[in-house]
Amino acid sequence: MVTVEIINNLADFIVQTISSSGYIGIFLLMVAESALIPIPSEIIMPFSGFLVSAGKLDVVYVVLAGSFGNLVGSMIAYFVGVRLGRAFVLKYGKYVLLKKSHLELTESYFQKYGDRSTFVSRLLPAVRTYISLPAGVAKMNLKKFASYTLAGSIIWSFALTYLGIKLGEQWTNIRHYSSYFDAMVIAGVIIVIVVFIKRKSRRPGTEQN
């Protein structure tokens, strides 16, 4: 199938890039992933984790490279939203495989959950790549955007790197477990949201008479 061939070619490209460039390769690939170029972090970080398990890379630098790469790429997408707006994204998004449905999904998610969605979205496979655009279009506070983005990216990068470390040479099997991993992440995010809402509702002045 064409899709499988594309994924395999991407995987080969990612492996070669990181093998030859190390942390810089991780950083640049994660920049691209968050700047709307379809390069999956689900391959980038687990392979990097495998290299950690093989003693070729350090886990701290791997996570930092992935996280700050995400931040830089997200900032690029954010400023595209700020400067060029929704119409530009809809017109030219197809060239980076961005569909109108993708933008509408992230827009509704951003409108529903507000600024904090930029943190939670970093842990949601279906939303994380595109959330920066509606945040930029909405001109979200830049400091909040950067802080939430970095915090969520650290968690995501560490989780995928850890899986790669545990799987070792079998890191490619993450493709078989990706649906389970996604389900676990989403379940964790839902729990965090529920806890946050409950705590907020218990604060003084939030109860209704």
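Couple of notes before you dig in:
- Number of positions in the range 139-166 that are assigned to a loop (DSSP other than H, G, I, E, B) and surrounded by 18 or more Cβ atoms within 10 Å (Cβ to Cβ): 1
- Condition met for Val96 (modelled with pLDDT under 85, within 29 Å of Met140 (Cβ to Cβ) and within 17 Å of the chain's Cα centre (by Cα)): yes
- Filter result for Phe13 (in contact (Cβ under 8 Å) with a residue 60 or more places away in the chain and among the aromatic types (Phe, Trp, Tyr)): no
- So Pro46, is it under 16 Å from the mean Cα position of the chain (by Cα) and surrounded by fewer than 20 Cβ atoms within 10 Å (Cβ to Cβ): no
The values are calculated or read from the model by the stated rules, or taken from the named source; none is laboratory data. Small disclaimer: the values here were computed from a predicted structure and weren't measured. Here Cβ is always computed from backbone atoms with ideal geometry, including for glycine, and neighbour counts include all displayed protein chains.
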